[in-house]
Amino acid sequence: MTNQTLRVLELLKRFNNGQKVCIESLKNDILWESKSEKTIRRDLDVIKEVFPNSFELIRGEKGCYKAITKKAFDQFLDERNLSLLVQTFSIAQRSDLFKSLDIDTSTKSIIEHKLKETKKLYEFKTKPFESKKDNYTMMKELEKAIYHQKYISINYMVKDRVEEYEVKPYKIVFMNENFYLACEVEAYNFSFSLYRISKIKEIKESSKTFHKNREIEDFIKYMQTPFAHYREGFRKYLIEVVLEVDVSKAFYFQSKKFLSSQQVLETKENGNLLISYQVTQEIEIEELIKKWLPYVKVVEPLSLKEKIEGELRGYLL
């Protein structure tokens, strides 16, 4: 464990115990012996980066800080953050991504120990993560191409055959528990595509470079599902989907956003909710609707309402 890690952990402990932290006093502490004020402030900045609203300057006491609440750091580890922390660490272990992280052996050992302790208390149920022996090598090749904005050719598995595509790689996207390569493409009848990384068999680097399309970068940030469809000026083509959610299931939609664009439009007199989503094509929302049937019905658009009703009639025949 690095000296700075030890110092930051000690500061976290003091804040969490409700102790006052003063820069002048720390200079006399053995952990900060011979350390400058600049070094101490860097240690505090590390905490601020992770917990922006965790501590504050004590008014009238120069260089002294206190936690905003004694439970500030305990509250950070809610169920969602804890789940994300454990799953992220699990991905790193399975994919050998720790090789690319600047983590010394002792610190990694502490994280692994904490993970094992957490597994005694929690059980995380999720779909299987994609796992490949050569993930690390492939990820590093993709990172390099993305960073240097270089064209690459990928050999990609399509059903029972391998096809080759020349692409401009923009981002590695982790979505629906799978890794995807988000790319701009030119030689086909589409200008953007997501390729599941587990289906990429080979990568060939090119010397050609490219400039990123800002709208495609914006689209990657906006994407809500792997079924997102890009076309130039995509925002003006977004489709508003309005659902009515039965009062018996309203709590679930009020407490969680199933897509990032989810907005509650109205709570009706009977307690039902009207909820809107902005999607690039109707298929993006179909899985969510079918999952919550019969407690959700489509209000608009009419085309989606008729499609869902048609499929339901087909199931009942």
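The values are calculated or read from the model by the stated rules, or taken from the named source; none is laboratory data. Since we're looking at a predicted model, the values are computed, not measured. Cβ placement follows ideal geometry from the backbone for every residue including glycine, while neighbour counts extend to all protein chains displayed.
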Tell me the residue from ILE152, ILE220 that is outside any strand (DSSP E or B) and either assigned by TED's automatic domain parsing to the domain that holds SER260 or of a type in the set (A, V, I, L, M) (or both), please. ILE220
Kindly indicate whether LYS291 is basic (Lys, Arg), loosely packed, with under 12 Cβ neighbours inside 10 Å and either assigned by TED's automatic domain parsing to the domain that holds TYR170 or in contact with a His (Cβ under 6 Å, 6 or more places away or on another chain) (or both). no
Qualifying residue in region 172-192 (condition: surrounded by 13 or more Cβ atoms within 10 Å (Cβ to Cβ), under 18 Å from VAL299 (Cα atoms) and within 19 Å of the chain's Cα centre (by Cα)): no
With the requirement that a residue be touching a Cys at 6+ places or on another chain (Cβ under 9 Å) and of a type in the set (D, E, K, R), what does region 134-170 give you? LYS168
When you go through (1) at pLDDT 95 or above; (2) surrounded by 14 or more Cβ atoms within 10 Å (Cβ to Cβ); (3) not polar (S, T, N, Q) one by one for ARG235, which number turns out not to apply? (2)
Might you check whether a residue that is at pLDDT 80 or above and in the same structural domain as GLU24 (by TED's automatic domain parsing) occurs anywhere in region 69-83? no
Which residue, of LYS208, LYS199, LYS249, is more than 28 Å from ILE289 (Cα to Cα) and surrounded by 13 or more Cβ atoms within 10 Å (Cβ to Cβ)? LYS199
Looking only at region 45-71, how many residues end up being outside any loop (DSSP other than H, G, I, E, B), touching a helix residue (DSSP H, G or I) at 6+ places or on another chain (Cβ under 7 Å) and either over 15 Å from ASN17 (Cα atoms) or of a type in the set (Asp, Glu) (or both)? 2
